[in-house]
Amino acid sequence: MTDSKKFNPAKRKKLNNPVRLDWIPPALIWNVINPGTGSTFVDIGAGTGYITQHIANLAGPAITIHALDIEPLMIDEMAQTLPADTCVKPQRMQRDSLPFADNSIDGIWLITLFHELEPPEPLLAEIRRVLRPDCRMLIVDWEKEMKACEQGPPFEHRISTDTALQTVTSAGFDDVHQIPGFHFHYGILAKKA
């Protein structure tokens, strides 16, 4: 992740725009990431936790979702705004390092973060390390070729779908494929072998 591509935390209120729930449907994320047997999930780059909490509402109280971010302001925002009884656990992470044991996580998602990773391989290796076998990772990021949406990062910062698919495959994930259902974004689902 480079500072030039990193989301400016001073603009964090933009992350709470309800239109994002249409563009990046929480139900779609939850349905593809959870085959029904897991209880511990991770949102990397959770920001304000806005979408994370909507996913948690679908998941139910028996689930734990670790909402990770490298920015202290984002962690503070989540601590102040998330419901007291939420299953979302805000936690600061270090760049390219996940604070979990090997094979301990049932699913991981990254929403509009992949384009910030330079290079992405160290974090992808960490994700493979902590995911349980046969568990899934979902990347949702901004389409590079879609000029219709002026929201999001500059087009030159975005990563094409093909490049993202190749990068995830090269990182050792299985069953890497694109999934539909996002507006202005692509979704890439992959599984740890």
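Summary of values
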| read-out | value |
| --- | --- |
| Under the Karplus curve 6.51 cos²θ - 1.76 cosθ + 1.60, θ = phi - 60°, whole-Hz ³J(HN,Hα) for the range 53-66, x wherever Gly or Pro sits | 5, 5, 5, 4, 4, 6, 6, x, x, 7, 9, 10, 10, 7 |
| Of (1) 50, 44, 28; (2) 48, 36, 30; (3) 40, 37, 30, the label for Cα extents along the principal axes in Å derived from the coordinates | (3) |
| Distance in nm between pseudo-label sites at Phe155 and Ala62 (7 Å out along the Cβ direction from Cα) | 4.8 |
| Distance between modelled label sites at Val32 and Ala193, nm, 7 Å Cα→Cβ extension | 2.3 |
| Helix-only CD estimate at 222 nm, as mean residue ellipticity for the chain, using -39500 (n - 2.57) per DSSP H run (n ≥ 4) | -7500 deg cm²/dmol |
| Gain upon complete extension [Arg132, Asp96; 0.36 nm per residue less C-alpha separation] | 11.1 nm |
| Positive-end residue, the chain charge dipole about Cα centroid, Cβ charges, pick of Phe173, Pro72, Leu131 | Pro72 |
| 5 angstrom amide H check on Gly107, placed H, neighbours 5+ away | Val42 |
| Karplus-derived HN-Hα couplings along the range 175-183 (A = 6.51, B = -1.76, C = 1.60, θ = phi - 60°), whole Hz, x at Gly and Pro | 6, 7, 7, 7, 10, x, x, 10, 9 |
| 3J(HN,Hα) from dihedral phi, the range 22-32, Karplus parametrisation 6.51/-1.76/1.60, rounded to Hz, x for glycine, proline | 7, 5, 10, x, x, 5, 5, 4, 5, 5, 8 |
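Throughout, read-outs are computed from the coordinates displayed, never taken from laboratory work. On a predicted model such as this, the values are computed, not experimentally measured, just so you know. Here Cβ is always computed from backbone atoms with ideal geometry, including for glycine, and neighbour counts include all displayed protein chains.
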